[in-house]
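Working notes for the structure below.
Read-outs: derived from the displayed coordinates by stated rules, not from any lab. All figures in this text were calculated on a predicted structure; none of them were measured in a lab.
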Amino acid sequence: MKIMTFFGFILLCPLLVAADCSSKGTSLENRDKAKALQFKLVAITSILIASALGVCIPILGKKIPALRPENDIFFMIKAFAAGVILATGFIHVLPDAFDSLTSPCLEQNPWGNFPFAGFVAMVSAMGTMMIDTFATNYYERAHFKKELPVKEDTHIHEVVHDGHVHVHTHATHGHAHGSAFVSEDLSTADLIRHRVISQVLELGIVVHSIIIGISLGASYRPSTIKPLVAALTFHQFFEGMGLGGCISQAKFKSKAIATMVLFFSLTTPTGIGIGMGISSVYNENGPSALMVEGIFNSASAGILIYMALVDLLATDFTSPRMKCNIRLQLGAHLSLLLGSGCMSLLAKWA
């Protein structure tokens, strides 16, 4: 909740002082406050339900045998969701960032002389990789340090070769062979990685969801809001499925899962509420608004593209399980194309 307040504060301050710019955004045509308010209330309700439903399906799916992470159908659902997230970054968020930062309402120097949108997206992707790496290494070290202490009278010697661990315990004169210890360490490392991935992915989603919500909430044009309601409802549902798949694999405690689900579900409706609150002073074509939206959208696009390609798709599509199953490969690739195609199609309306 503190992070949500922080993002709201950062976006709210510059938008309140947005300067005017002569463009179609300031036109009074097709403005109907009463009708626009009705559509906004519908948007809050439908997006809230769709977001919660989308993120909860993979999490609750663990109780359904067919939707458990170890089954093939889960792989295909995750590939579909990864395609949705990838298309969100490339088709929805990044073009909006370029539009904002190359707007004629901004000064030519420096905004027109350098591709800031692409630069910020690149830096954001590299920053995500660094956070991903450092956070994973930190949690792995912290976890294994806890398991390191042993009793003083117990001396353990480990010899590793050919992927096996041989453990000799002199206190009990026991002797164990096998890969159980390696498997346990690998599963722990995977669990830590899934937790880092789910948290970083949610951060990227939250950033652009707030901006989308503010833009919708500040508009007085029913003709603009109406198609956005349907498009954003589907958008949040599919995006929620991608995030929910990551959360389900991370195996968080119930309290952490509930927090992440609520955080994702409430972000866009909260953005709409902020937009409604500042609609009287908000100018979507003001220089301050364009700069903030453009930079935040660029950063969000970098995060989403990196997470989709590296942490979601590359990890699953290069896994031994995928390589050994031609049927699963075909299903996952088709799901990826379907997810990215559906999300790309929504760009026609939003």
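Tell me, in nm to one decimal, what length is gained between SER254 and LYS323 on full extension, where the rule is 0.36 nm per residue of separation less the Cα-Cα distance?
Computed gain between SER254 and LYS323 is 21.5 nm.
Take segment 266-350, compute every pairwise Cα distance, and split them into 10 Å bins from 0; I just need the percent in each bin.
Using 10 Å bins, I get a P(r) of 13, 28, 29, 17, 9, 2 for segment 266-350.
How long is the gain from ALA142 to GLN38 if the chain were fully straight, where each residue apart is worth 0.36 nm and the alpha carbon distance is subtracted?
Between ALA142 and GLN38, full extension yields an extra 32.3 nm.
Please state the Cα pair-distance histogram of segment 202-350 with 10 angstrom bins from zero: what percent is in each bin?
Reading the bins upward from 0: 10, 33, 34, 17, 5, 1.
Using only alpha carbons, build the gyration tensor for segment 251-316 and give me the equivalent ellipsoid semi-axes, biggest first, whole Å.
One finds semi-axes of 30, 21, 7 Å for segment 251-316.
Mind checking the full-extension length gain between LEU338 and THR224? Use 0.36 nm per residue of separation minus the Cα-Cα distance, one decimal, nm.
Stretched out fully, the LEU338 to THR224 stretch lengthens by 38.4 nm.
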